[in-house]
Amino acid sequence: MRTIIIVLLASMYFLPVHSQNVISQDQSKDSLKTKLKILFMKDQFFRKMYKDVEEQYGSTSHETEYFWEVVEKQDQILEKELIAILEQYGWLGITEVGRLGNTAQWAILQHASVATKQKYAPLLKASVLEKESQAQHYARLIDRMLINQGEAQRYGSQITYDDSGNKIFYEIQEPGSVNQRRAAIGLSSIQDFAKKVGVEWKEN
């Protein structure tokens, strides 16, 4: 089993993706859909395996460390692929590339560098406001960036656990106005979201 996983990781690590081949202007939206579906598959492939790897080898093992090195390398390759698409076409909406193709852009952007996230997040927001992308994707992207920078989240999309194992919200900026911010991008109220995910909502 160990040999199979290592060989698979190594083969994916060196898999050529031709990052320099920017999509030509005359390609159809169907071609873009296919391109994005493939990129999404690559983005998700290893992430569906990580629990098995950690259970097999341990979360602090050399094998698991190598696994995440491969994931990071793959993320860098996919980031370049996504940038090439966004620079040529802008953010592609649901009516252009379908829900999966649209989601692929967000998924890859989430795993990109902070600089890339900051540069292209406004394109995603504009698409959300045009109802061509999902509001929850933008909220999760922004909130995760803020949390990773040690700041309070803006939209309340991120959940964690307290010492007793209960679900709680990560700290939210100005919680009294969170519903205004959520409504501005088309999200339901924080109360409705809290009920949906099974978290007690406390403004203070």
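The values are calculated or read from the model by the stated rules, or taken from the named source; none is laboratory data. No experiment lies behind these values; they were computed from the predicted model shown. Here the Cβ positions follow ideal geometry from the backbone for every residue, glycine too, while neighbour counts run over all protein chains shown. SASA here: full protein model, heavy atoms, side chains in, ligands and nucleic acids out. Shrake-Rupley method; radii C 1.70, N 1.55, O 1.52, S 1.80 Å.
Sort out which residues of region 128-165 are farther than 17 Å from I190 by Cβ, in a loop (DSSP other than H, G, I, E, B) and more than 16 Å from the chain's Cα centre (by Cα), and write them in order of number.
Result: E130, K131, E132, Q149, G150, E151, D162, D163, S164, G165.
Inside region 12-60, can you point out the residues that are modelled with pLDDT under 50, open to solvent by 50 Å² or more (accessible area, probe 1.4 Å) and at negative phi?
Listed by number, the residues that qualify are Y13, F14, L15, P16, Q20, N21, V22, S24, Q25, D26.
Give the number of residues within region 80-99 that are within 16 Å of the chain's Cα centre (by Cα) and open to solvent by 30 Å² or more (accessible area, probe 1.4 Å).
3
If I filter region 166-204 down to residues being polar (S, T, N, Q) and either open to solvent by 60 Å² or more (accessible area, probe 1.4 Å) or within 22 Å of the chain's Cα centre (by Cα) (or both), which single residue comes out as modelled with the lowest pLDDT? Steps first, answer last, please.
Restricting attention to region 166-204, the residues satisfying the condition of being polar (S, T, N, Q) are 166, 173, 177, 179-180, 188-189, 191, 204.
Keeping just the survivors that are either open to solvent by 60 Å² or more (accessible area, probe 1.4 Å) or within 22 Å of the chain's Cα centre (by Cα) (or both) gives 166, 173, 180, 188, 191, 204.
Working: N166: 91, Q173: 96, Q180: 97, S188: 96, Q191: 95, N204: 63.
Out of the qualifying residues, it is N204.
In the set K125, K195, which member is of a type in the set (D, E, K, R), outside any loop (DSSP other than H, G, I, E, B) and touching a residue at least 60 places away in the same chain (Cβ under 8 Å)?
Numbers: K195 fails: touching a residue at least 60 places away in the same chain (Cβ under 8 Å).
When all the criteria are applied, what remains is K125.
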